[in-house]
Structures are given as structure tokens and as C-alpha cells.
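Heads up: the structure comes next, in C-alpha cells.
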Amino acid sequence: MPRSTSVLQVTASDADDPTYGNSARIVYSILQGQPYFSVDPKTGITAMLCECAAAAALYFLLLRRILTP
């Protein structure tokens with residue numbers, strides 16, 4: 001898989017009104033999976049950071065979403 005290929009997009013939602021301040025703003029981060037993956041903190045789009053030759057390779061990725069105050 002070529003470097004910087006998007007592999008998934010995570011989504012989350014909050015019941016707060018997103019037009020009222022930042023109480024419904026969600027930020028994504030990686031807890032486990034570095035240095036193989038990156039995640040865009042705003043969109044949740046996750047990409048590979050290495051060129052992986054083995055199609056059957058297994059990776060563990062743990063993402064976290066944070067509701068900002």
C-alpha cells in the first residue's frame with residue numbers, strides 16, 4: 001500500500017448543538033498504531049505512513065475521540 005493512503009474514516013457524534021460554542025467539537029487521536037498510521041484530528045481520516053508490501057499484514061490501531069470543552 002503506498003505511503004499516505006487513506007485506509008478508513010472514523011466518525012463520532014455528540015448530542016450537543018454544534019453551533020453553540022465548542023461543547024460538541026470532537027477531536028481524534030491515536031493511542032496505539034504509531035508510527036504506522038496518522039489520523040487527522042478534525043476529520044478522523046486515518047492514513048498509512050509506511051509502504052506496506054505484505055497485503056496480509058495485520059496491524060493494531062486504537063483511536064480515541066475527545067469532546068472538547
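Just so you know, all these numbers are worked out from the coordinates, no wet-lab data involved. No experiment lies behind these values; they were computed from the predicted model shown. Positions of Cβ are generated from backbone atoms using ideal geometry, with glycine treated the same way; all protein chains shown enter the neighbour counts.
Counted residue by residue at 0.36 nm each, then reduced by the alpha carbon distance between them, the extension gain from R25 to S6 reaches 4.6 nm. 3J(HN,Hα) along segment 31-39: 8, 9, x, 7, x, 7, 10, 9, 10 Hz, from the Karplus curve 6.51 cos²θ - 1.76 cosθ + 1.60 with θ = phi - 60°, whole Hz, x for Gly and Pro. Highest-first packing order for the peptide set 30-36, 44-50 is 44-50, 30-36, based on the mean count of other beta carbon atoms within 10 Å.
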